[in-house]
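Visitor: Could you have a look at this structure, given as C-alpha cells, before my questions?
The values are calculated or read from the model by the stated rules, or taken from the named source; none is laboratory data. These numbers come from a predicted model, not from an experiment. Ideal geometry is used to build each Cβ from the backbone, glycine not excepted, and the neighbour counts take in all protein chains shown. Just the protein is used for accessible areas: all its heavy atoms, side chains included, with ligands, DNA and RNA removed. Shrake-Rupley method; radii C 1.70, N 1.55, O 1.52, S 1.80 Å.
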Amino acid sequence: INATIAVRDDYAPEPEIKLESITANETLAADDIQNAQTGTDDRDFYLVTKRSGTNQAGRIYTVTYSATDASGNKATASATVTVPHDQGK
C-alpha cells in the first residue's frame with residue numbers, strides 16, 4: 001500500500017501526520033501487516049491479500065491516519081482496502 005494523504009490547514013502548512021491503526025474484519029496473523037509503523041508518518045506498508053474461506057464479504061482492512069496542526073487540533077480519517085472473497089478462480 002502506498003497511502004496518499006491530502007491535508008489543508010489555513011495556519012499550519014504542514015500538519016503532523018500519523019498512522020493511527022490498521023485493523024481488519026478478520027483475525028490477523030502476525031505477518032498480515034508488514035512494515036507498518038503506527039505513531040509515525042508511515043505511508044508505505046504491505047497488507048497480505050488472503051481471506052477466510054467462509055467470509056463472503058472478503059477481508060476488509062481499515063487504515064486510519066490523524067493530522068494534527070500546530071495548535072494541537074487533531075482530525076482523523078480512515079480508508080478501507082478490500083480483498084474480495086472470490087476473484088473468479
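Visitor: Go through region 65-86 and give me each residue that's surrounded by 12 or more Cβ atoms within 10 Å (Cβ to Cβ) and closer than 12 Å to Ala12 by Cβ.
Guide: Ala67, Thr68, Asp69, Ala70, Asn73, Lys74, Ala75
Visitor: Any residue that is free of Cβ contacts under 8 Å to residues at least 60 places away in the same chain, open to solvent by 70 Å² or more (accessible area, probe 1.4 Å) and not in a loop (DSSP other than H, G, I, E, B) - is there at least one of those in region 46-64?
Guide: yes
Visitor: If you don't mind, another one. Please work out which one of (1) touching a Pro at 6+ places or on another chain (Cβ under 7 Å); (2) aliphatic (A, V, I, L, M); (3) open to solvent by 80 Å² or more (accessible area, probe 1.4 Å) is the condition Val7 fails and give its number.
Guide: Failed condition: (3).
Visitor: I've got another one for you. Kindly provide the set of residues from region 10-23 that are part of a loop (DSSP other than H, G, I, E, B) and either open to solvent by 50 Å² or more (accessible area, probe 1.4 Å) or among the aromatic types (Phe, Trp, Tyr) (or both), ordered by number.
Guide: Listed by number, the residues that qualify are Asp10, Tyr11, Pro13, Glu14.
Visitor: So in region 24-42, with the set limited to residues that are in contact with a Ser or Thr (Cβ under 8 Å, 6 or more places away or on another chain) and open to solvent by less than 70 Å² (accessible area, probe 1.4 Å), which one is farthest from Thr82 (Cα to Cα)?
Guide: That would be Glu26.
Visitor: Among the residues of region 23-62, write down those that are closer than 22 Å to Asp9 by Cα and not charged (D, E, K, R).
Guide: Selection gives Gly39, Thr40.
Visitor: Let me ask something else about it. Quick one: count up the residues across region 15-45 that are touching an Asp or Glu at 6+ places or on another chain (Cβ under 9 Å) and free of Cβ contacts under 8 Å to residues at least 12 places away in the same chain.
Guide: 1
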